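Novice: Mind looking over this structure? Questions follow.
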Amino acid sequence: MTATLQSSPLGASRTRAPSRIIIEGVTPQIDAGRFPIKRSVGESVVVGADVFAEGHDILRVQLRFRFEGESWAERPMTALGNDRWEARFDVDRLGRYEYTIEAWVDRFSTWRDEISKKSAAGQDIGSELLEGAELIRKAAERAEGHATQWLSDRAEAIRSPGDQVPRTALALDPQLAELMERYDDRVGGTSIEKVLGVVVDPPLARFGAWYEMFPRSASQEPGRHGTFRDVEARLPYIASMGFDVLYLPPIHPIGHSFRKGPNNTLTAGPDDPGSPWAIGSQEGGHMSIHPELGTIGDFDRLVAAADARGIKIALDIAFQCSPDHPYVREHPEWFRHRPDGTIKYAENPPKKYQDIYPLEFDGPDWQGLWEELRDVFLFWVDHGVTVFRVDNPHTKPFRFWDWCIAEVKERCPEAIFLSEAFTRPKMMKRLAKGGFTQSYTYFTWRNTKDDLTEYLTELTTTECREYMRPNFFANTPDILHEYLQTGGPAAFKTRLILAATLTSAYGIYGPPFEQCIGTPLRPGSEEYLDTEKFQIRHWNLNAPGNLSELIGSVNRIRKEHVALQSDWNLRFHSVDNEKLLAYSKATPDRSDVILVVVNLDPYNTQSGWIGLSLDELGVFDGDTLMVHDLLTDARYQWRGTHNFVMLDPHRIPAHVFHVTR
């Protein structure tokens, strides 16, 4: 049986035919608009789409955008060729923006183009002038103010019989075209099915240097538990290195049951402090302060003192509990129970974590639990914390994070969430799509030229850059890579410079990093020997070989050069030595160009010829380049595409060149 329009999906109730216009290939969008893209304040959103219709009619395509809840603004999209259209808008406020695309047949421009061609060919256009007059008359009905009469008069003049030459001149008048564009008829147009979203974060979400330290190891007196006042006393040291974020592992009371001893031993001594991630005791839980660190007043004072130095305090949020956490007594329904009634502790077979109880996110009181955990974030927001590093988010439901982060950001748009999820790629990306502002990455395990090039190309040129901001931590309390274990100070310098210049957000765990501590718990392990996770350490900040001066120089360079404050402008250059990596970053107008060359071999001097992509540097073949090494203050003159470098890792393993003509 032949289908009829009435029985088709078009339906008999339609009053207009479907739009003739096709809009597809819209960028950027994530999973067909299910998730918003990310930007920071001051950035732009470049929107593109393929827009076309059958035949030769002229189309008009508009980008529509707004801050959520406000009136729409419009911007015409530019035809790039091959039916591709593009426009951009800027985001200058924290919160959420929306954008969409609308397209319609521009009947007046189509008509105007037709009579222009026919008139130029000497053809009679009497009938066409009558058609145009009718278009103009209808526009007059849509117009406002003086334009109504002006358009009515123009329609009548074009419709009047007589010489076609002056009537054609009136029809092709640019002022008429301008008014017709203003009051165009969008009937028969279309727009994309789903309004797309943008989450706009503070600039710190895009660009910043993080420093991690354990407050309990901040005491200047060996053997004494550190306090927030000790951390406050260390702020000048951290500020001198140019860090923007001071990240503290959990600061809450620590459980006593099944407390771990030094180096994760199962038996703790009476004075062993335990793991800060075993959260909760009789002194309180996730909204409490470990009593030996100080009071909530001391914490507030630390936040204010850090803020006065331009440093944000970041807190580690780990949603897990020690057996002594108040939640265990007050809300046993928030935990998974074994058949014998005991609560199931955390395991990652064959590893067992008897000192930690995981939460049951889909238990009978899941809603009460979710709201409580949201309120943990909001509690610390009320105490001036807007930056959070979230421990193991991939072990909690994705939809919890979708909801929780949206709830927090609705009340605190400047909140930043760093996802500590060293897990499978799709899981890491889904967490980022769901709202995490930044993500830990596989940088630690990317140490060769090919690995780094491939990974950075993925992060900075594929769709994931629209929602996943990498934060390159060079080390963490959990991860001491073999490269740092065996490479000595040269390896630490190399990884510092790579992390700080490949991406605009990076971090280190100190003081072990700047003191080049590379001793593992055992051969083949990535755990530190005598890790601060289970014991208090005393650090001599003036120890020989401290890299604090180099770190300060690198962070100063990052702040002085805008080119290093973005990820999307990363470009790699060829080098005829697999141990040398060369890459550049430049501002769009090429007013600031940085070229970095790194020796990836921490043991040996390496040399080679760099093949520069001159267009990426904004220069031409034959130009003489002045390359100023910002680390050593050395200056060189280069010419042409190929130039020679030699780097001794035991002196400085990299050049960070500022390039000018």
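Novice: If one computes the Cα centroid of region 265-309 and of region 358-420, what distance in Å separates the two points?
Specialist: About 20 Å separates the Cα centre of region 265-309 from the one of region 358-420.
Novice: Further, regarding this structure: Could you look at the chain and say what percent of its accessible area is carbon and sulfur, using a 1.4 Å probe and all protein chains?
Specialist: 50
Novice: Sticking with this one: Order 247-258, 146-157 from most to least packed using the mean count of other Cβ atoms within 10 Å.
Specialist: Final packing ranking: 247-258, 146-157.
Novice: Something else now. Which of the listed residues, Val598, Leu581, Thr641, is farthest toward the dipole's positive end in region 559-661, when Lys, Arg count +1 and Asp, Glu count -1 at the beta-carbon?
Specialist: Val598
Novice: Sort 608-616, 487-495 by the packing proxy (mean of other Cβ within 10 Å over each peptide's residues), most packed first.
Specialist: Ranking, from highest mean packing down: 487-495, 608-616.
Novice: Let me ask you something else. Any chance you could check the Cα centroid distance between region 466-504 and region 603-641 for me, in angstrom?
Specialist: Value for the Cα centre distance between the two parts: 24 Å.
Novice: Give me the accessible area per residue for the chain, probe 1.4 Å, as a whole number in Å².
Specialist: Heavy-atom accessible area per residue stands at 44 Å².
Novice: Above 22 Å lies some portion of the pair distances; for region 215-360, what is it as a whole percent of all C-alpha pairs?
Specialist: Cα-Cα pairs in region 215-360 separated by more than 22 Å: 45 percent.
Novice: For Ile58, what charge total do you get from the other residues with a beta carbon under 10 Å from its beta carbon, if Lys and Arg give +1 and Asp and Glu give -1?
Specialist: -1
Novice: On to the next question. Under a crude label model (7 Å from the Cα following the beta-carbon direction), how far is Lys426 from Arg651 in nanometres?
Specialist: For Lys426 paired with Arg651, the spin-label model returns 5.0 nm.
Novice: Still on this structure, please answer the following. Once every DSSP H run of n ≥ 4 in the chain is given -39500 (n - 2.57) and the sum is divided by its residues, what mean residue ellipticity at 222 nm do you get, rounded to the nearest 500 deg cm²/dmol?
Specialist: -8500 deg cm²/dmol
Novice: Moving to a separate point now. Got a sec to turn the phi values of region 347-354 into Karplus ³J(HN,Hα) couplings, 6.51 cos²θ - 1.76 cosθ + 1.60 with θ = phi - 60°, whole Hz, x for Gly and Pro?
Specialist: Each residue of region 347-354 in turn: 9, 9, x, x, 6, 10, 10, 5 Hz.
Novice: Once amide H atoms are built 1.01 Å from N in the peptide plane, which residues 5 or more positions from Val575, or in another chain, come under 5 Å H to H?
Specialist: Amide H to amide H, under 5 Å and 5 or more residues apart or across chains, Val575 pairs with Gly611.
Novice: Additional query: When DSSP assigns beta bridges and you keep just the ones with both residues in region 93-247, what percent turn out antiparallel, to the nearest 5?
Specialist: Approximately 70 percent, going by the DSSP bridge assignments.
Novice: Further, regarding this structure: Highest first, please rank the peptides 573-583, 503-513, 412-422, 542-552 by the mean number of other Cβ atoms sitting within 10 Å of their residues.
Specialist: Packing order, densest peptide first, comes out as 503-513, 412-422, 573-583, 542-552.
Novice: Please check which bits of region 93-132 a label hung off Trp72 would reach, taking the label as a point 7 Å along Cα-to-C-beta and the cut-off as backbone N under 18 Å.
Specialist: 97-107
Novice: Would you work out the charge dipole size for region 396-454 about its Cα centre, treating the Cβ of every Lys and Arg as +1 and the Cβ of every Asp and Glu as -1, and quote it to the nearest 20 debye?
Specialist: 240
Novice: Please list, in order along region 562-568, the HN-Hα scalar couplings obtained from phi with the Karplus expression 6.51 cos²θ - 1.76 cosθ + 1.60 (θ = phi - 60°), rounded to whole Hz, x for Gly and Pro.
Specialist: 4, 4, 8, 9, 9, 9, 6
Novice: Still on this structure: Could you tell me which residue out of Met427, Tyr442, Thr457 lies farthest along the dipole of region 380-471 toward its positive end? Charges go on the beta carbon: Lys and Arg +1, Asp and Glu -1, centred on the Cα centre.
Specialist: Sorting the options by dipole projection puts first Met427.
Novice: Tabulate in residue order the Karplus-calculated ³J(HN,Hα) for region 322-336, using 6.51 cos²θ - 1.76 cosθ + 1.60 with θ = phi - 60°, rounded to whole Hz; enter x for Gly and Pro.
Specialist: Per-residue couplings from phi come out as 6, x, 9, 5, x, 4, 5, 7, 8, 9, x, 5, 8, 10, 8 Hz.
Novice: Something else about it: Where both partners of a DSSP beta bridge lie in the chain, what percent of those bridges are antiparallel, to the nearest 5?
Specialist: 70
Novice: Also, quick follow-up: Where the only charges are on Cβ atoms (+1 Lys, Arg; -1 Asp, Glu), what is the dipole of region 137-293 about its Cα centre, to the nearest 20 debye?
Specialist: Dipole size: approximately 240 debye.
Novice: Can you give the Rg to Rh ratio of region 498-556, both from alpha-carbon atoms, with Rh computed by the Kirkwood formula?
Specialist: 1.01
Novice: Where nothing but the Cβ of Lys and Arg (+1) and of Asp and Glu (-1) is charged, how large is the charge dipole of the chain around its Cα centre, in debye to the nearest 20?
Specialist: Value, rounded to 20: 460 debye.
Novice: Provide, in order from the shortest bin, the percent of all Cα-Cα pairs of the chain in each 20 Å bin, continuing until the bin that contains the maximum pair distance.
Specialist: Bins of 20 Å from zero give 16, 40, 27, 14, 3, 0 percent of pairs.
The values are calculated or read from the model by the stated rules, or taken from the named source; none is laboratory data. Note that this is a predicted model, so its numbers are computed, not measured. Cβ sites come from the backbone with ideal geometry, for glycine too, and all protein chains shown count toward neighbours. Side chains are part of the model used for accessible areas, which takes the heavy atoms of the whole protein and leaves out ligands, DNA and RNA. Shrake-Rupley method; radii C 1.70, N 1.55, O 1.52, S 1.80 Å.
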